[in-house]
Structure formats: structure tokens, C-alpha cells
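> Got a structure for you, questions after.
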Amino acid sequence: MIDENTIIKKSYALYSRYGIKRVSVDDVAFMLGISKKTLYENIINKNILIEKVVNKSLEEFSRKVNESQSEDEDIFNNLCQ
């Protein structure tokens with residue numbers, strides 16, 4: 001069974017390369033090596049899939065910003081000591 005994170009990661013890669021309008025649910029299923037029915041068991045429709053991809057992307061971006069800020073603070077604190 002395929003998990004939701006794998007679906008989201010592969011969908012993100014496809015959307016980034018070809019655009020949201022050009023990538024169908026059939027394309028996502030084909031790239032994952034699963035049937036469209038199996039994909040729909042995990043994701044209700046394309047709009048929900050897009051929403052999940054965008055949310056995951058925003059979470060990842062936020063995490064990277066927070067990590068970067070923490071690293072900058074550590075560097076600053078080390079310089080001040």
C-alpha cells in the first residue's frame with residue numbers, strides 16, 4: 001500500500017515540473033505505479049491533492065526558515081562570547 005506522503009512528494013515533483021493544470025490524476029497514478037482507484041482511496045480528488053501538496057510545501061518552507069534562523073542565532077551568540 002502506498003502512503004500519503006509518497007503521493008504528495010511525487011505530485012509535488014510533477015506539478016513543479018509540468019504545472020498543476022497539465023498534470024492529471026491519471027498522470028500521478030501512472031508515475032506512482034498504482035491505479036487511479038488506489039490513488040482515490042488515499043486522496044479524494046485533485047483539488048484536495050493540490051491543497052495537500054501546497055500545505056506540505058509551506059510546512060517544509062517554514063521548517064527551513066526556522067532552521068536557518070536558529071543557525072544564524074547560534075552564529076551570532078558564538079561571535080558575541
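Just so you know, all these numbers are worked out from the coordinates, no wet-lab data involved. This is a predicted model, so every value here is computed, not measured.
> Ratio of Rg to Rh for the chain, alpha carbon only, Kirkwood? Walk me through the numbers before you get to the answer.
Values: Rg = 17.7 Å, Rh = 14.4 Å.
Looking at the chain, the ratio lands at 1.23.
> Given Cα positions, please report Rg to Rh for the stretch 18-60, the hydrodynamic radius being the Kirkwood one. Walk me through the numbers on the way to the answer.
Working: Rg = 10.6 Å, Rh = 10.9 Å.
For the stretch 18-60, the value is 0.97.
> Here's another thing I want to ask about it. Fully extended, how many nm does the chain gain between ILE50 and ILE20 (0.36 nm per residue separation, minus their Cα-Cα distance)?
Numbers: separation 30, 0.36 × 30 = 10.80 nm, distance 0.79 nm.
Length gained, ILE50 through ILE20: 10.0 nm.
> Looking at the chain as a GNM with Cα springs under 10 Å, which of LYS52, LYS21, LYS36 has the largest mean-square fluctuation?
Fluctuation is largest for LYS21.
> Can you compute the helix-only [θ] at 222 nm over the chain? Use -39500 (n - 2.57) per DSSP H run of at least 4 residues, normalise by all residues, nearest 500 deg cm²/dmol.
-26500 deg cm²/dmol
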